[in-house]
Amino acid sequence: MAKCRWRGLCAGGIWVEVLRMPEAAIRTIGEIIERKGEILYRVELMNGKVVLGHLSKPLTEANIVFDPGTKVIVELTPYDFDQARILDLAEG
């Protein structure tokens, strides 16, 4: 995993360089419950939690529409467990 670099000018004219690890995304499988808009869906995760999911850019550009009951792969950030990005159709 690559580190991100950030450079900036600190107080007193000293240059600082900060290294930080990129945030790890959480991927899981969910089931489409309902369509809320062009790219928005209600998705129920495997643990029973319901989140608002939006289509990823490639799916949006391909005009993909999912029906209720469809299993999809979703990605959540470690900071917000109420929203997810729908990445692809789940296998099986």
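The values are calculated or read from the model by the stated rules, or taken from the named source; none is laboratory data. Computed from a prediction, not measured in an experiment: that's the story for all the values here. So basically every Cβ, Gly included, is an ideal-geometry build from the backbone, and we count neighbours across all protein chains shown.
Restricting attention to segment 35-92, report how many residues are among the aromatic types (Phe, Trp, Tyr) and loosely packed, with under 14 Cβ neighbours inside 10 Å. Let's see the steps before the verdict.
Taking segment 35-92 as the starting set, the residues that turn out to be among the aromatic types (Phe, Trp, Tyr) are 41, 66, 79, 81.
If we keep only those that are loosely packed, with under 14 Cβ neighbours inside 10 Å as well, we get 79, 81.
Within segment 35-92, residues that are among the aromatic types (Phe, Trp, Tyr) and loosely packed, with under 14 Cβ neighbours inside 10 Å number 2.
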Report task. Consider only pairs whose beta carbons are under 6 Å apart and that are at least six residues apart or on different chains; among these, list those whose first residue lies in segment 50-71 and is under 11 Å from Leu89 (Cα atoms) and whose second residue is of a type in the set (Asp, Glu). Result -> Lys71/Glu31
Report task. Filter segment 76-92 for residues that are within 10 Å of the chain's Cα centre (by Cα) and among the small types (Gly, Ala, Ser) and give the result. Result -> Ala84
Report summary line: (1) exposed (fewer than 14 other Cβ atoms within 10 Å of the Cβ); (2) within 15 Å of Glu75 (Cβ to Cβ); (3) modelled with pLDDT of 80 or more all hold for Pro22 apart from (3)
Query - Elements of type strands (runs of 3 or more DSSP E) in segment 24-70, at least 2 residues being within 14 Å of the chain's Cα centre (by Cα) and more than 12 Å from Leu87 (Cα to Cα) - result: 40-45, 50-55
